[in-house]
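Undergrad: This is the structure I want to talk about, given as structure tokens.
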């Protein structure tokens, strides 16, 4: 496809369940970001990949959060033992170059933890 | 830590009037300042950006101004139209890849 694709668009999980969120970036884009967006707030940085290398995971809230991009394209954000405070929209974005420039966002995965 | 403050949180203007959204940043090393528009339920999209080597940039009805001394930048939309209604986010770079984001401004265009 032409844009960044995320799945699932909506996920409802019971507290304690594990979830996996997928991001398919624009082909050829080097950089991939995961952000968490709470209602009425701006995106909060979670982690950054340059190709398959995870260069920065300083924004991951706890060790329950794990992200990977094994072949430098598709990325998965995994949340283990979900908690209610994990409820948010998880946005993936990709960009062509490593340096700051236009980010192309997916439509997000809305996670609700009951 | 670094932060970006964005004001106002909600802005309501009459169709055809101008809208101005302001952001201040704390990291004096910031050198890239994008603005994104997010319509309800949709993905954020870049509308304009500016780098620290210029003070102003314009694209049709949209302009951004940057005051590095004051660590302040603003988005200006002239001749507002109903399709301008959205949430607008400013951001500032804090490294060569990472941005820190404002909390957003909900812009309402009244007919």
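The values are calculated or read from the model by the stated rules, or taken from the named source; none is laboratory data. In this text the structure is predicted, and so the values were computed from the model without any measurement. Note that we place each Cβ from the backbone using ideal geometry, even for glycine, and neighbour counts take in every protein chain shown.
Undergrad: Determine if the range B:68-77 includes at least one residue that is more than 25 Å from residue B:111 (Cβ to Cβ), at pLDDT 95 or above and at the interface with chain A (Cβ under 10 Å from one of its Cβ atoms).
TA: The answer is no; no qualifying residue exists.
Undergrad: Can you find a residue that is part of a strand (DSSP E or B) and closer than 23 Å to residue B:87 by Cβ anywhere in the range A:16-31?
TA: First, the residues of the range A:16-31 that are part of a strand (DSSP E or B): A:19-24, A:31.
Of the ones still in play, those that are also closer than 23 Å to residue B:87 by Cβ are A:21, A:23.
Yes: the range A:16-31 contains one or more residues that are part of a strand (DSSP E or B) and closer than 23 Å to residue B:87 by Cβ.
Undergrad: Give B:42, B:58, B:106 a once-over and let me know the one that is exposed (fewer than 14 other Cβ atoms within 10 Å of the Cβ) and within 9 Å of chain A (Cβ to nearest Cβ). Walk me through how you get there before you give the answer.
TA: Numbers: B:58 fails: within 9 Å of chain A (Cβ to nearest Cβ); B:106 fails: exposed (fewer than 14 other Cβ atoms within 10 Å of the Cβ).
Every option except B:42 fails the conditions.
Undergrad: Restricting to the range A:61-114, name every residue that is outside any strand (DSSP E or B), within 14 Å of another protein chain (Cβ to nearest Cβ) and over 10 Å from the mean Cα position of the chain (by Cα).
TA: Restricting attention to the range A:61-114, the residues satisfying the condition of being outside any strand (DSSP E or B) are A:61-64, A:69-74, A:80-87, A:96-103, A:106-108, A:114.
Filter once more, so that each one left must be within 14 Å of another protein chain (Cβ to nearest Cβ): A:96-103, A:106-108.
Within the range A:61-114, A:96, A:97, A:98, A:99, A:100, A:101, A:102, A:103, A:107 meet the criteria.
Undergrad: Can you report the number of residues in the range A:25-72 which are farther than 17 Å from residue A:88 by Cα and without any contact (Cβ under 8 Å) to a residue 60 or more places away in the chain? Give the steps one after another, and end with the answer.
TA: Applying the first criterion (farther than 17 Å from residue A:88 by Cα) to the range A:25-72 yields A:25-32, A:48-58, A:63, A:68-72.
With without any contact (Cβ under 8 Å) to a residue 60 or more places away in the chain added as a condition, the list becomes A:27, A:48-58, A:63, A:68-72.
The total comes to 18.
Undergrad: Looking at the range A:26-47, which of the residues that are within 13 Å of chain B (Cβ to nearest Cβ) and farther than 20 Å from residue A:86 by Cβ is surrounded by the most Cβ atoms within 10 Å (Cβ to Cβ)?
TA: As a first pass, look at the range A:26-47 and keep what is within 13 Å of chain B (Cβ to nearest Cβ): A:26, A:29-47.
The next check asks that each one be farther than 20 Å from residue A:86 by Cβ; those that pass are A:26, A:29-32.
On the way: A:26: 18, A:29: 18, A:30: 15, A:31: 21, A:32: 27.
Per the criteria, the residue is A:32.
Undergrad: Here is a follow-up. Output the strands (runs of 3 or more DSSP E) that fall wholly within chain B and possess 1 or more residues being without any contact (Cβ under 8 Å) to a residue 40 or more places away in the chain, out of contact with any helix residue (DSSP H, G or I) (no Cβ under 7 Å at 6 or more places or on another chain) and closer than 17 Å to residue A:103 by Cβ, or say none. Quick ask: steps written out before the conclusion?
TA: Working: elements: B:4-7, B:10-14, B:19-25, B:32-38, B:45-51, B:56-59, B:62-67, B:72-77, B:86-93, B:99-101, B:105-110.
Of the strands (runs of 3 or more DSSP E) lying wholly inside chain B, those with at least 1 residues that are without any contact (Cβ under 8 Å) to a residue 40 or more places away in the chain, out of contact with any helix residue (DSSP H, G or I) (no Cβ under 7 Å at 6 or more places or on another chain) and closer than 17 Å to residue A:103 by Cβ span B:45-51, B:62-67.
Undergrad: Run residue B:80 past the list (1) modelled with pLDDT of 95 or more; (2) over 23 Å from residue B:13 (Cβ atoms); (3) more than 12 Å from the chain's Cα centre (by Cα) and report the number of the one that doesn't hold.
TA: It is condition (2) that residue B:80 fails.
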